[in-house]
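Accompanying notes for the structure given below.
The values are calculated or read from the model by the stated rules, or taken from the named source; none is laboratory data. Everything numeric here is computed off the predicted structure, so don't read it as measured data. Don't worry about glycine lacking a Cβ; one is built from the backbone with ideal geometry, like all the others, and counts go over all protein chains shown. Surface areas here come from the heavy atoms of the whole protein model, side chains and all, with no ligands, DNA or RNA. Shrake-Rupley method; radii C 1.70, N 1.55, O 1.52, S 1.80 Å.
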Amino acid sequence: MKKILLLAAIALSSLSVKAQTEPGTFTLMPKVGLNMANVTDLEHTKMKAGAVAGVEAEYRASNLMGITAGVLYSMQGVKADEGDYKQKLDYINIPILANFHVWKGLSINAGIQPGFLVSAKADNGDEDVDIKDGCESFDFSIPVGASYEWNSFVLDLRYNIGVTKIYKEDEGSSKNGVLAITLGYKFAL
């Protein structure tokens with residue numbers, strides 16, 4: 001059994017090395033991770049932890065550059081500094097990134113990310129109240145970050161800079177700010 005697992009790992013590793021080095025290849029990467037989200041311009045708040053999961057596909061245009069597009073379910077929102085109050089804002093995000101491969105396994109990534117609000121709830125510790133009608137249904141952000149690939153595993157650190165406001169009646173400019181760390185596994189197509 002151990003020999004079969006070892007042979008499978010070697011085979012998958014050789015596929016990933018081919019995907020990393022050859023221009024013109026496509027890869028598919030399921031990923032899962034942790035978001036640390038906040039809302040700008042709200043006082044007495046702190047980051048709220050949430051999950052992020054989905055899949056991204058990359059086209060490796062050259063040894064130095066690739067293009068990635070994906071679909072991610074992202075749990076965002078904000079927590080009050082004190083007490084149990086929090087807002088849960090869940091989105092389907094579509095990141096489209098340019099990946100600049102600056103060192104073996106290391107890339108710098110930047111792009112755009114449209115997002116679509118799936119659910120919005122305010123929770124004071126006793127009950128959830130639906131606040132989706134008071135939130136904008138579309139969110140736009142600029143993701144920037146870096147990723148490191150080793151044996152087809154990809155560790156990605158990304159910050160999504162919110163561009164559009166979250167709340168419909170917001171006189172200010174409350175926007176999403178999300179730090180995400182994910183782990184994925186690349187499959188060559």
> Which residues, counting only those in region 32-72, are outside any loop (DSSP other than H, G, I, E, B) and in contact with a helix residue (DSSP H, G or I) (Cβ under 8 Å, 6 or more places away or on another chain)?
Replying inline: ARG60
> Which numbered condition trips up ALA122, out of (1) within 19 Å of ASN38 (Cα to Cα); (2) open to solvent by 40 Å² or more (accessible area, probe 1.4 Å); (3) out of contact with any Lys or Arg (no Cβ under 7 Å at 6 or more places or on another chain); (4) free of Cβ contacts under 8 Å to residues at least 40 places away in the same chain?
Replying inline: (2)
> From the residues in region 5-46 that are of a type in the set (Val, Ile, Thr) and open to solvent by 60 Å² or more (accessible area, probe 1.4 Å), which one is modelled with the lowest pLDDT?
Replying inline: VAL17
> If a residue has to be closer than 19 Å to GLU136 by Cβ and in contact with a Ser or Thr (Cβ under 6 Å, 6 or more places away or on another chain) to count, how many in region 93-122 make the cut?
Replying inline: 3
> Restricted to region 137-189, and to residues that are part of a loop (DSSP other than H, G, I, E, B) and within 30 Å of LYS104 (Cα to Cα), which residue is least open to solvent (accessible area, probe 1.4 Å)?
Replying inline: SER152
> What is the number of the single condition among (1) of a type outside the set (S, T, N, Q); (2) surrounded by fewer than 20 Cβ atoms within 10 Å (Cβ to Cβ); (3) on the phi < 0 side of the Ramachandran plot that VAL52 does not meet?
Replying inline: (2)
> Does region 78-96 include one or more residues that are aromatic (Phe, Trp, Tyr), open to solvent by 50 Å² or more (accessible area, probe 1.4 Å), outside any loop (DSSP other than H, G, I, E, B) and under 30 Å from PHE26 (Cβ atoms)?
Replying inline: no
> For region 49-82, which residues satisfy the criterion of being over 30 Å from GLY125 (Cα atoms), touching a Pro at 6+ places or on another chain (Cβ under 8 Å) and of a type in the set (A, V, I, L, M)?
Replying inline: VAL55, ALA61, ALA69
